[in-house]
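Chemist: Below: one structure in structure tokens.
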Amino acid sequence: MKRLFCIASIMALAAFCSFAGEPSEEAAGESTVESLKITILSTNLANRGLGEWGFSALVEADGKAILFDTGNRKKTVLDNAEELEIDLTGVEDVVLSHNHGDHVGGLVTLRKAFRDAHPKALSRAHIVPGFFPEGLEESDEGRVKWLAALKKHYEAAGGTFVEHEKPFEILPGVWLSGFVPRLESPESRDVPVPDDQSLFFSTKEGTVILCGCCHAGVINTVEHARKLLPGRPIHALLGGLHLMRTDEAVLASIGRTLKEAGIRYLWGAHCTGTEAHFVLRDAAGLSRSNSAVGAVGGTFTLGEGIAPGSIAH
């Protein structure tokens, strides 16, 4: 039987409609997530379903659900969810980590697949400033025209883009990171991706971080999470970390930072890089029992850890 993720109670969060005022960073940390499960629906490897160069994950937090990114190809997430017997019809909110095609490619297809029977399914997409470049409608540049088409078709299908200028508590204890400050760090790189954002989860075990590509940098993202949710360790770092071409000495430095931050679980997917993952794992003092390469169908569950699927062991 398919699982139905009902998030009717999310309607109580009227701020999503009016956005009369977003909470400040100082308000972070008052709520915690008691139950958390994250299931990968798109990444390079597939335990079940289809692997691709893309990323998507279903988040279940205290009985509510959010889709984080939508994969690369139009139907990958739709087909993988069916293969995994996951019903997305009760998921209203989509968080888009950034505007690259391998993270937003399935957005319109997913919305259209459910809109007739479930008008609110996947109808709200959360982004940060910079997701849509200036001059969107007038530009002749190919990628910008593609983004203009994405906006047009999603809105025509009844979807709404919601822009957040700063960290936002989308569910109790679940935070959109907002813009991640680009500080000097060993991994500093000139990547023009101003709209990169992650999800931060405040839990009793510490902070859980879910990244799409982490273009802002792993250390910068971790430090941003520690500032937003102070006084707690980084319990888990999950998702795409964009380290596949990173020098080993830099990877070791990042790993030491993660170890100092108290990391317990590392789940590198998509653009992390398999070899980079293992260097990072060793430097962070982790092992096979609490660190794995992400695969479609794999899960991270608070209190249980990573179940990566047989292909990712």
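The values are calculated or read from the model by the stated rules, or taken from the named source; none is laboratory data. Everything numeric in this text was worked out from a predicted model, so none of it was measured. Don't worry about glycine lacking a Cβ; one is built from the backbone with ideal geometry, like all the others, and counts go over all protein chains shown.
Let's see how each residue does on (1) buried (at least 24 other Cβ atoms within 10 Å of the Cβ); (2) at positive phi:
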position: Leu238; (1), (2): yes, no
position: Leu241; (1), (2): yes, no
position: Lys259; (1), (2): no, no
position: Trp267; (1), (2): yes, no
position: Phe278; (1), (2): no, no
position: Gly285; (1), (2): no, yes
position: Arg288; (1), (2): no, no
position: Leu302; (1), (2): no, no
position: Gly305; (1), (2): no, yes
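Chemist: If you don't mind, there's one more thing I want to ask. Is it true that Gly51 is part of a loop (DSSP other than H, G, I, E, B), buried (at least 23 other Cβ atoms within 10 Å of the Cβ) and modelled with pLDDT of 95 or more?
Modeler: Numbers: part of a loop (DSSP other than H, G, I, E, B): yes; buried (at least 23 other Cβ atoms within 10 Å of the Cβ): no; modelled with pLDDT of 95 or more: yes.
Judged against the criteria, Gly51 is not a match.
Chemist: Turning to a different aspect of this structure: Quick one: how many residues across region 91-122 are part of a loop (DSSP other than H, G, I, E, B), within 21 Å of Asp79 (Cβ to Cβ), without any contact (Cβ under 8 Å) to a residue 40 or more places away in the chain and not aliphatic (A, V, I, L, M)?
Modeler: Looking only at that region, the number is 2.
Chemist: So how many residues does region 226-252 have that are hydroxyl-bearing (Ser, Thr, Tyr) and either assigned to a strand (DSSP E or B) or modelled with pLDDT of 95 or more (or both)? Lay out the reasoning, then the answer.
Modeler: Initial filter on region 226-252 (hydroxyl-bearing (Ser, Thr, Tyr)): 246.
So of that shortlist, the ones also either assigned to a strand (DSSP E or B) or modelled with pLDDT of 95 or more (or both) come out as none.
Going through region 226-252 one residue at a time, the tally reaches 0.
Chemist: Take region 54-77 and flag every residue that is surrounded by fewer than 24 Cβ atoms within 10 Å (Cβ to Cβ), touching a strand residue (DSSP E or B) at 6+ places or on another chain (Cβ under 9 Å) and not in a strand (DSSP E or B).
Modeler: Asp62, Asn72, Arg73
Chemist: Among Cys213, Cys271, which is the only one that is buried (at least 21 other Cβ atoms within 10 Å of the Cβ), assigned to a loop (DSSP other than H, G, I, E, B) and in contact with a His (Cβ under 8 Å, 6 or more places away or on another chain)? Explain how you work it out, then say what you get.
Modeler: Values: Cys271 fails: assigned to a loop (DSSP other than H, G, I, E, B).
Result: Cys213 is the single residue among Cys213, Cys271 that is buried (at least 21 other Cβ atoms within 10 Å of the Cβ), assigned to a loop (DSSP other than H, G, I, E, B) and in contact with a His (Cβ under 8 Å, 6 or more places away or on another chain).
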